[in-house]
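Just so it is clear, none of the values below were taken in a lab; they were calculated from the coordinates. Here the structure is a predicted model, which is why all the values come from computation and not from measurement. Quick reminder, even Gly has a Cβ in these numbers, built from the backbone with ideal geometry, and neighbours come from all protein chains shown.
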Amino acid sequence: MTDYYLRAADESALKTALQLAGLFTAEGYQLASLTHGMTVIGTVVHSATYDQEGNELTAQVVRPGFHANLRLLSGDLHPALSSLVINPKTPSVVWF
């Protein structure tokens, strides 16, 4: 079992790569099978934080790209997805 964090420039680019890998079809995203699980995240936004008086402590951060997480239960990552793999220090969404 191997987990991959994917980031494409936009949703269209992610769909194109997933389609080449057989994970996006006319029915839409193929979120699960006997060999994989996938979570489509989209745009990652880290909300601003505020103190008790309402003063902003940290600004909202919008991460670039369109994101998805892919868990392969068997097999290798399709070559069409290899350029989308990122390794975030603190992923926003993780598998349990």
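Assorted remarks:
- Computed from phi, the 3J(HN,Hα) profile of the stretch 75-86 under the Karplus parametrisation 6.51, -1.76, 1.60 (θ = phi - 60°) reads x, 9, 5, 5, x, 5, 9, 4, 6, 8, 6, 10 Hz, with x in place of Gly and Pro.
- Sites Arg71 and Thr49, calculated FRET efficiency, Cβ-Cβ separation with R0 35 Å, nearest 0.05: 0.70
- For the stretch 22-28, 3J(HN,Hα) per residue [Karplus equation, 6.51 cos²θ - 1.76 cosθ + 1.60, θ = phi - 60°, Hz, x = Gly/Pro]: x, 10, 9, 10, 4, 7, x
- FRET efficiency for Val93 and Ala26, using Cβ-Cβ distance with R0 set to 35 Å, rounded to 0.05: 0.85
- Where labels lie 7 Å past Cα in the beta-carbon direction, separation of Val62 and Ile86 in nm: 1.4 nm
- Estimated FRET transfer efficiency when R0 is 22 angstrom, pair Thr35-Ala13 (beta carbons, to 0.05): 0.40
- nm² value of the averaged projected area, convex hull over the Cα atoms of the stretch 2-86: 6.9 nm²
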